[in-house]
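Q: Here you go, one structure.
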Amino acid sequence: ACLEGNIAGVPAVGLSQVLAPEVFRYWDEHRELPDKDLKRLQKQIDEILDRVFEMLMARSGFYTEPVTWNVNLPFQAVEDWQIVPAFLGHNFYGSCFKKSGAEYRHQLERPAPDERDEADGHVVTQGHVSLSRLDIRSFGRLDGWML
């Protein structure tokens with residue numbers, strides 16, 4: 001949706017929240033998060049997004065440049081978490097579905113992660129927030145940017 005907005009000249013922010021495997025399984029089965037995790041995540045997300053949007057809104061061109069700011073939130077932020085400029089990592093996924101009786105169910109295999117320091121997934125596994133600037137006009141080229 002964000003990239004479609006960019007095509008139309010609209011800036012966007014995409015947000016992703018990492019969940020621990022057991023919390024994701026709970027959500028998959030119950031379509032809700034365990035209460036203790038939900039409360040902790042709500043508090044953490046409020047704090048993180050306040051800082052992320054304060055930083056983004058201070059950027060020249062944030063409201064007009066048709067790019068997507070991809071924000072990935074860790075399941076458990078470290079105490080001294082930072083917003084880290086990142087690039088989209090090259091994670092490799094196996095099958096997304098497994099046969100269960102006569103039907104197929106979503107059961108994503110663990111991906112082989114990109115462990116380079118500035119890869120978005122690696123940043124998040126270290127307990128920090130990754131921030132990647134996605135510009136469909138420059139996909140395929142290195143796109144350096146500064147916070």
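The values are calculated or read from the model by the stated rules, or taken from the named source; none is laboratory data. As the structure is a prediction and not an experimental result, all values here were calculated from the model. Using ideal geometry, Cβ is built from the backbone for each residue, glycine included, and neighbour counts are taken over all protein chains shown. Note: areas computed on protein heavy atoms with side chains; ligands, DNA, RNA excluded. Shrake-Rupley method; radii C 1.70, N 1.55, O 1.52, S 1.80 Å.
Q: From the list 92, 87, which one is surrounded by 15 or more Cβ atoms within 10 Å (Cβ to Cβ) and among the aromatic types (Phe, Trp, Tyr)?
A: 87
Q: Which one is surrounded by the fewest Cβ atoms within 10 Å (Cβ to Cβ), of the residues in the stretch 74-84 that are within 14 Å of the chain's Cα centre (by Cα) and β-branched (Val, Ile, Thr)?
A: Looking at the filtered set, the residue picked out is 83.
Q: Ok, one more. Go through the stretch 8-41 and report how many residues are exposed (fewer than 11 other Cβ atoms within 10 Å of the Cβ) and not basic (Lys, Arg).
A: Summing the residues that are exposed (fewer than 11 other Cβ atoms within 10 Å of the Cβ) and not basic (Lys, Arg) in the stretch 8-41 gives 8.
Q: Next up: Which one of these does residue 72 not meet: (1) in a strand (DSSP E or B); (2) in contact (Cβ under 8 Å) with a residue 24 or more places away in the chain; (3) of a type outside the set (D, E, K, R); (4) touching a Phe, Trp or Tyr at 6+ places or on another chain (Cβ under 6 Å)?
A: It is condition (4) that residue 72 fails.
Q: Filter the stretch 1-20 down to residues that are over 19 Å from residue 46 (Cβ atoms) and out of contact with any strand residue (DSSP E or B) (no Cβ under 7 Å at 6 or more places or on another chain), then give me how many there are.
A: 8
Q: Would you check if residue 38 is closer than 30 Å to residue 96 by Cα, out of contact with any Ser or Thr (no Cβ under 6 Å at 6 or more places or on another chain) and not in a helix (DSSP H, G or I)?
A: Judged against the criteria, residue 38 is not a match.
Q: Just to confirm my filter: which strands (runs of 3 or more DSSP E) fall fully inside the stretch 91-134 and include at least 2 residues that are of a type outside the set (D, E, K, R), out of contact with any Asp or Glu (no Cβ under 8 Å at 6 or more places or on another chain) and free of Cβ contacts under 8 Å to residues at least 24 places away in the same chain?
A: 97-100
Q: Could you list, in sequence order, the residues of the stretch 65-86 that are in contact with a strand residue (DSSP E or B) (Cβ under 8 Å, 6 or more places away or on another chain) and over 30 Å from residue 9 (Cβ atoms)?
A: 74, 75, 77, 81, 82 - these are the residues of the stretch 65-86 that are in contact with a strand residue (DSSP E or B) (Cβ under 8 Å, 6 or more places away or on another chain) and over 30 Å from residue 9 (Cβ atoms).
Q: Working only within the stretch 102-147, note down all residues that are open to solvent by 100 Å² or more (accessible area, probe 1.4 Å), of a type in the set (S, T, N, Q) and modelled with pLDDT under 90.
A: The one that is open to solvent by 100 Å² or more (accessible area, probe 1.4 Å), of a type in the set (S, T, N, Q) and modelled with pLDDT under 90: 107.
Q: If you don't mind, there's one more thing I want to ask. Restricting to the stretch 1-30, name every residue that is within 14 Å of residue 133 (Cα to Cα) and in a helix (DSSP H, G or I).
A: Listed by number, the residues that qualify are 2, 3, 6.
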